[in-house]
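Structure, as structure tokens:
The values are calculated or read from the model by the stated rules, or taken from the named source; none is laboratory data. Just so it is clear, the structure is predicted and the values come from calculations on it, not from any experiment. Backbone-built Cβ (ideal geometry, glycine too); neighbour counts: all protein chains shown. These accessible areas exclude ligands, DNA and RNA; they are computed on the full protein's heavy atoms, side chains included. Shrake-Rupley method; radii C 1.70, N 1.55, O 1.52, S 1.80 Å.
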Amino acid sequence: FAASSFSVDTLAPELSFTITGKAAPAGGRTLVNSARPELRLNYSDAVSGVEPASVVMELDGVRVAASAGADAAIFTPAADLSQGRHAATASARDRAGNLAALTADFVLDSLAPETTILAPADGAFFATGTVALKAAFSDVGSGLSTASLRLNLDNGALTAELELPPVGPAGKPGT
């Protein structure tokens, strides 16, 4: 008498990306503030399990050497990524051969906004306690958030009236 057991697995594995340095999605984009983000592909398959040797990961269309384990594959770039848009793609097969694929797009913005004090001039003297402060702010990456604007004067309290230009999508100046 001979016996054999087997399982039928027709479902592809489940995949998800976790990217370190990820900020909250903004305007349909995932913002990342680390120039060398860790890309972690999480995977699972309830029936036959994922075959770690089948995992393929790419960053911007170039295959990368990810370290694949029982439930995740991890890759961290050796050099800083360029500012702007990037795409991480991955695929994995379960032990039954079912293929799953996933793409995660993100925008790298690891550069702080720039601030320029336009007035008063450095070293200026005033005969009154009311001083007009004029500054310019810019950000070439994800844009500016006026909600995050903070003014400090000699690390003390500051009373200020702000005139801000209209803000458009993604925190960029509006028209």
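Heavy-atom accessible area per residue, the range 48-124, 1.4 Å probe: how many Å²?
56
Could you tell me what percent of the accessible area of the range 1-72 is made up of carbon and sulfur, with a 1.4 Å probe and every protein chain present?
Reported share for carbon and sulfur atoms: 52 percent.
Considering the dipole of the range 5-152 built from charges on the beta carbon (Lys and Arg +1, Asp and Glu -1) around the Cα centre, which of 34, 76, 55 is farthest to its positive end?
So the residue furthest toward the plus end is 34.
Taking all protein chains together and a probe of 1.4 Å, list 106, 1, 126 from the most accessible to the least accessible.
So the residues, ranked largest to smallest area, are 1, 126, 106.
Kirkwood Rh over Cα pairs of the range 25-150 into Stokes-Einstein at 20 °C, 1.002 mPa s: D in µm²/s?
Once the numbers are plugged in, D ends up at 118 µm²/s.
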